[in-house]
There are 2 protein chains.
Amino acid sequence: QRVDIAARGSKQRDKAHIRKTKPVHFENQFGSYDLEVPYTEIKLSDTPGVGPNPPFIDYNTEGPKCDPKEGLKPLRLDWILDRGDVEEYEGRERNLADDGKRAIKRGKATKEWRGRKHNPLKAKDHPITQMWYARHGIITPEMKYVAERENCSVELVRSELAAGRAVMPCNINHPEAEPMIIGSAFLTKLNANMGNSAVTSSIDEEVEKLTWATKWGADTVMDLSTGNDIHTTREWILRNSPVPIGTVPMYQALEKVEDDASKLSWELFRDTVIEQCEQGVDYMTIHAGVLLRYVPLTANRVTGIVSRGGSIMAEWCLQHHQESFLYTHFDELCDIFAKYDVAFSLGDGLRPGCLADANDPAQLSELMTLGELTRRAWAKDVQVMIEGPGHIPFDTVRMNIEMEKAICNDAPFYTLGPLTTDTAPGYDHITSAIGGVEIARYGTAMLCYVTPKEHLGLPNKDDVKQGVIAYKIACHAADIAKHHPHAQDRDDAISKARFEFRWLDQFNLSYDPDTAIAFHDDTLPAEPAKMA
Amino acid sequence: QRVDIAARGSKQRDKAHIRKTKPVHFENQFGSYDLEVPYTEIKLSDTPGVGPNPPFIDYNTEGPKCDPKEGLKPLRLDWILDRGDVEEYEGRERNLADDGKRAIKRGKATKEWRGRKHNPLKAKDHPITQMWYARHGIITPEMKYVAERENCSVELVRSELAAGRAVMPCNINHPEAEPMIIGSAFLTKLNANMGNSAVTSSIDEEVEKLTWATKWGADTVMDLSTGNDIHTTREWILRNSPVPIGTVPMYQALEKVEDDASKLSWELFRDTVIEQCEQGVDYMTIHAGVLLRYVPLTANRVTGIVSRGGSIMAEWCLQHHQESFLYTHFDELCDIFAKYDVAFSLGDGLRPGCLADANDPAQLSELMTLGELTRRAWAKDVQVMIEGPGHIPFDTVRMNIEMEKAICNDAPFYTLGPLTTDTAPGYDHITSAIGGVEIARYGTAMLCYVTPKEHLGLPNKDDVKQGVIAYKIACHAADIAKHHPHAQDRDDAISKARFEFRWLDQFNLSYDPDTAIAFHDDTLPAEPAKMA
């Protein structure tokens, strides 16, 4: 009988998927580095009568183990400081309002961070983004690290970054994160969303979900918290995250004005963005493409504006009869992002919330503006990804990625699914993994997972795992379809194990050995003929 | 927390998805009929302040309720007899050997069928297949019934059948089944496999799985039993099945020779086929394309021959140094099928069992032979589907359906998935639903589901449900992508309900209301912004 797959645990997986690191020496004009590049080793047994099988080597997102109260070591700190182009400064004052009304009332956050602390760093004279380095022909340790993880040349990494076709979200104030790259020339990546809300979840749970998501393969995590202790929750997450962290700063800004969108202002928003830059958020969703004149285009939609950030900005624009401050102050935002190396994830605030609204003038008009904003950010050497839909019919998925490439000059596309039908709440990890393969196959660089709880509730640990694994499948099937070098190696290894009845190897090479073992039972006749 | 989704039951679904029938009067040269064409009605609530929403009308596969010990009423019996082209005859003698060694030892089957019995019918003078009628310009009640279910013209049904582009599996000895059609011009269909094995499952369980699968939306069911009481189990299934039943007669033939493939013969196989024709099996998988000369083409494969029927025939060919009796006696098989209107499902015995073996000479050579056999069957007015892979990379899925159409003259393609990666045992309902959408989008007529237990064990009730729902999603997403008329209506209805916060309507319009309700919790702020 099916049981909670999270409760089933990860015992076999933890035994079989061993995180190791490969020593790589690297020198550039700023220093000499002994990089320790992580990978996963899966040991395989011998083929009886034939000989040993080499261990399978996989990409690793899990990060080193640490005490969550201490946080991870600042892997990149020396790399950043050696470049000599940043300065420490006192930073924004700790403000209990950042943690919400209840924190002010209590006089403290629920669970103050007491682990590793740092004064924030910021750029001194020029942008310190990986894009700036790439464009100036500088190979950073970050680029080398990524090239080793991706098993490609460092020049490919540099040139894709310089062209804007790839991003490496790596805020200098999140030195704990292991560099990774998002671009269509590289392995397709997957993002897992989490975050508390006004009524659920503790800081401990959010940190546990983060660790859980990266264990199963999340390449980045978005903290979409909207509840209490939003600043402190984020601090815990950042200090413990081996992967880049994304946020939607508008959610916190709205908390600060007690959910009254009309009270939002550029100043309050900017202050929130700087707060998050100093904490170390690696990429931020900015819905700067929701222009005042696009809002009426959604009037006859079946589901209107379903993006939370999009609807907040649409409300603000209508109430103030003004153009969005995210758009009018976009260059200032770029200047801030350039100081910390925060990447834009330009939000699709007008994405379709159902098939009926797909590919409509609202969605496509916003995309045109995102293209304009991409070029403005690149002019300031700021990294950019473009967020994409949403709910769209399967036959229009390819058009969506091709249009994004054309309009946004090949900036990496980062899509939610897309969901290919609206009819299956409870199963939207499946409806959307289907669209995910199609859109990634044609070049989408990162897929945002959808969990079975989509449209219904907030994901628990089990939902996070279901979502991550459905998207591991989607990313991998797309990489195979793209003929990404060596993408099919794991399939070949597991198929060989299957044919040779090396059951344990088959379980261990699967994404979820514990579930495979639980499903395997001795009712299955042991003959190859039984396998599809 | 996630629980067994089968145990979660179907209470809300059973309350909300009401089977009804539409009276349709029909006359042809043989008689006058008052058809009762089934559909599902989902009642919707009003939009507050606006007005009522019409009920949603859906295709229904569930069949009427009945006492499983009695079986269903013989819906089609009069239609068949009125044509005056069949005769009742005594049929093959009841042979305990048909139920296996244990039945012989006991002197009876475990649970003899005591419900409605019939002497078998067979054709008198000419083929009595729906293809024959279609080609002779005869509109049958079956065709009219199907046209009403599909919401299309009866001439489309007739012409597609006549051209071989669609099949209606409807053995005259399974009059209980509600006519349905499989072809790329119609709604994409889904098949659910079940069946006992040597060590698991009782007759009651198999009948329960049948009822369960058709409740969730299975359009046909294959009984792949290989265990005890194989004949009697099939009798229970046929007498209770409102959907066409498919089998792989080779499995029973092999039981009769105690799993020693070398002892198989045309005579024994033919006898088994006739046994199943008389019982009422609607379509049979026949691996007649596995020719002696193709077997060596599999020698260097990673996973060899993974089709059970394929490997049995390959073994027989090698042991006897003879061409497959399924191939050499194919015309005789056609003559038998034409007498009962059994449809061929020409098996892909050399289908790839992993990505590494996909699209290889073994697979493609067999397909050429299936094309030849299709034309031979059509020459005798026998209906044909073609079975397809299997495990294939996503970027080659489209080529597979286009090749099948070209080589097999547009005979309906019926594919297992295909699975788009080998790396996710425990999640192969997802790896394969992905390939299913792509292959159905380009014209595959029926998808054979894959359950989460694939490669690991035999599916229980929960796995059957998971498999059926994943494939409901796949078929539906493909129908939308194909722009099948009205395919998107359900999406539009559920999206409207979502936007209007008609939660119960949203649950009821989903494929699995009970799971949607279980997932919904009050942690979700009730604002549209929270929805993707």
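The values are calculated or read from the model by the stated rules, or taken from the named source; none is laboratory data. These numbers were taken from a predicted model, which means no experiment stands behind them. Here the Cβ positions follow ideal geometry from the backbone for every residue, glycine too, while neighbour counts run over all protein chains shown. What goes into the accessible areas is simple: the full protein's heavy atoms, side chains included, and nothing from ligands, DNA or RNA. Shrake-Rupley method; radii C 1.70, N 1.55, O 1.52, S 1.80 Å.
In peptide A:306-318, how many Cβ atoms from other protein chains are near each Cβ within 10 Å, on average? Partner-chain Cβ atoms within 10 Å, mean over residues of A:306-318: 2. If you take the square roots of the eigenvalues of the alpha-carbon gyration tensor of the range B:8-59 and sort them as a ≥ b ≥ c, do you get rounded (a/c under 1.5), prolate (a/b over b/c) or oblate? Taking the square roots of the gyration eigenvalues as a ≥ b ≥ c, the range B:8-59 is oblate.
For the ranges B:468-479, A:479-490, B:112-123, what's the packing order if you count other beta-carbon atoms within 10 Å of each residue, average per peptide, and put the highest first? The partial results should precede the final answer.
Values: B:468-479: 28.0, A:479-490: 18.1, B:112-123: 15.9.
Top of the packing list down: B:468-479, A:479-490, B:112-123.
The Cα center of the range A:494-510 and the Cα center of the range B:428-476 differ in position by 22 Å. Dipole magnitude for chain B: computed about the Cα centre from +1 point charges on Lys and Arg Cβ and -1 point charges on Asp and Glu Cβ, it is near 560 debye.
Could you grab the relative contact order for the range B:189-229? Cα pairs under 8 Å, six or more apart, rounded to a whole percent. Before the final figure, lay out the partial values.
Numbers: 54 pairs, mean separation 25.9, N = 41.
Reported as a whole number, the value is 63 percent.
Altogether, the Stokes-Einstein calculation at 37 °C and 0.692 mPa s, with the Kirkwood radius of the range B:218-361 over Cα pairs as Rh, returns a diffusion coefficient of 208 µm²/s. The alpha carbon radius of gyration of the range B:119-180, expressed as a multiple of 2.2 N^0.38 Å, is 1.09. Rounded to the nearest Hz, the phi-derived 3J(HN,Hα) couplings of the range A:43-48 under the Karplus curve 6.51 cos²θ - 1.76 cosθ + 1.60 (θ = phi - 60°) are 6, 10, 7, 6, 7, x, where x marks glycine and proline. In this label model, A:S32 and A:R19 are separated by 2.9 nm, measuring between points 7 Å along each Cα→Cβ vector.
My understanding is that a pair violates if its Cα-Cα distance is over 21 Å; which of B:K339/B:K380; B:K380/B:K482; B:K256/B:K465; A:K15/A:K69 do that in this structure?
Numbers: B:K339/B:K380 11 Å; B:K380/B:K482 32 Å; B:K256/B:K465 32 Å; A:K15/A:K69 25 Å.
Check vs 21 Å cut-off fails for B:K380/B:K482; B:K256/B:K465; A:K15/A:K69.
If you take every residue apart from B:E160 with its C-beta less than 11 Å away from the C-beta of B:E160, what net charge results, scoring Lys and Arg +1 and Asp and Glu -1?
Values: positive: B:R158, B:R165; negative: B:E150, B:E155, B:D410.
With Lys, Arg at +1 and Asp, Glu at -1, the net is -1.
Under the shape rule built on the C-alpha gyration tensor, where the axes satisfy a ≥ b ≥ c, the range A:454-509 is oblate, since a/c reaches at least 1.5 while a/b does not exceed b/c. The amide H of B:C448, built 1.01 Å from its N in the peptide plane, has B:N191, B:T415, B:L416, B:G417 as neighbours under 5 Å, considering only residues 5 or more places off or on other chains.
Applying 1/(1 + (r/R0)^6) with R0 = 30 Å to the Cβ-Cβ distance of A:A299 and B:M399 gives a FRET efficiency near 0.10. Show the residues, 5+ positions off or on another chain, whose built amide H is closer than 5 Å to the amide H of A:V86. Placed amide hydrogens put A:K124 under 5 Å from A:V86.
For the interface of B with A, what's the total buried accessible surface in square angstrom, probe 1.4 angstrom, rounded to the nearest hundred? Let's see the in-between values first.
On the way: alone 21230 and 21250 Å², together 34900 Å².
Using a 1.4 Å probe on protein heavy atoms, the buried area is about 7600 Å².
Can you classify the range B:415-507 as rounded, prolate or oblate using the Cα gyration tensor, where a ≥ b ≥ c are the square roots of its eigenvalues, rounded means a/c under 1.5, and otherwise it's prolate if a/b beats b/c and oblate if not? Provide the component values of the computation, followed by the final result.
Working: a/c = 2.72, a/b = 1.48, b/c = 1.84.
The shape class here is oblate.
Listed by chain and number, the lysines whose alpha-carbon sits under 20 Å from that of A:K496, ignoring those within fewer than 8 places in the same chain, are A:K43, A:K530, B:K453. Charge dipole (Cα centre; +1 on Lys/Arg Cβ, -1 on Asp/Glu Cβ; no other charges) of the protein assembly as shown amounts to roughly 1020 debye. Within the accessible area of chain A, the carbon and sulfur atoms contribute 51%, probe 1.4 Å, all protein chains present. If you count Lys pairs in the range B:98-230 whose Cα atoms are under 29 Å apart, skipping same-chain pairs closer than 8 places in sequence, the total is 21.
Percent antiparallel among DSSP beta bridges with both residues in chain A, to the nearest 5? Before the final figure, lay out each step's value.
Working: 21 of 47 bridges.
DSSP beta bridges in chain A are roughly 45 percent antiparallel.
Under the combined filter of DSSP loop state and at most 13 neighbouring Cβ atoms within 10 Å, the range A:156-265 retains these GluC sites (Glu not before Pro): A:E258. In this structure the amide hydrogen of A:T47, modeled in the peptide plane, comes within under 5 Å of the amide hydrogens of A:N53, none closer than 5 places in sequence on its chain. Max-minus-min Cα coordinates of the range A:71-200 on each principal axis give 53, 34, 24 Å, with the largest extent listed first. Farthest towards the positive end of the charge dipole of the protein assembly as shown, among the residues B:S265, A:Q279, A:I139, is the Cα of A:Q279, using unit charges on the Cβ of Lys, Arg, Asp and Glu. A Stokes-Einstein calculation at 37 °C with viscosity 0.692 mPa s, built on the Kirkwood radius of the range B:97-137 over Cα pairs, returns a diffusion coefficient of 236 µm²/s.
Annotation: the range A:136-288 has a Kirkwood hydrodynamic radius of 16.4 angstrom, from the mean reciprocal C-alpha pair distance. When the Cα positions of A:L161, B:A299, B:L254 are compared along the charge dipole of the protein assembly as shown, B:L254 comes out farthest toward the positive end, with charges on each C-beta of Lys, Arg, Asp and Glu. Of the trypsin sites (Lys or Arg not before Pro) found in the range A:307-416, not one falls in a DSSP loop while having at most 13 other beta-carbon atoms within 10 Å.
To the nearest whole number, what is the average tally of beta carbon atoms from other chains within 10 Å of the beta carbons of peptide A:435-443?
Numbers: counts 3, 1, 8, 6, 0, 1, 5, 0, 0.
Averaged over the peptide's residues, the number is 3.
The Rg/Rh ratio of the range B:188-234, with Rg taken over Cα atoms and Rh as the Kirkwood radius over Cα pairs, comes to 0.99. Counting only alpha carbon atoms, the long axis of helix B:330-340 and the longest principal axis of chain B meet at about 50°. Each Lys and Arg Cβ is given +1 and each Asp and Glu Cβ -1; about its Cα centre, the range B:437-487 then shows a dipole of about 100 debye.
Solvent-free Debye calculation, one equal scatterer per alpha-carbon of the protein assembly as shown: log10 I(q)/I(0) at 0.08 Å⁻¹ equals -0.81.
Treating r as the C-beta distance of B:R114 and A:M368 and R0 as 51 Å, the FRET efficiency rounds to 0.10. The angle separating the long axis of helix A:461-481 from the principal Cα axis of greatest extent in chain A is about 80 degrees. If you line up the long axis of helix B:397-407 against the longest principal axis of chain B, both from Cα atoms, how many degrees apart are they, to the nearest 10? Its long axis makes an angle of about 50 degrees.
Please report, in cubic angstrom per residue, the volume enclosed by the convex hull of the alpha-carbon atoms of chain B.
On the way: hull volume 76.8 nm³, N = 532.
Per-residue hull volume (Cα only) is 144 Å³.
Hey, what did chain A get for relative contact order, percent, Cα under 8 Å, at least 6 apart? Don't skip to the end; give the middle numbers.
Details: 1090 pairs, mean separation 79.9, N = 532.
Dividing the mean separation by the residue count of chain A yields 15 percent.
Legend: P(r) of the range A:2-132 from all alpha carbon pair distances, 5 Å bins from 0, whole percents, reading 2, 7, 9, 11, 13, 14, 12, 11, 10, 6, 3, 2, 1, 0, 0.
Could you report the range B:138-231's accessible area per residue, 1.4 Å probe, as an integer in Å²? Please report the intermediate quantities before stating the final value.
Working: 2100 Å² over 94 residues.
For the range B:138-231, the per-residue accessible area is 22 Å².
Peptide A:469-481 has a mean shielding of 6, counted as Cβ atoms of other protein chains within 10 Å of each residue's Cβ.
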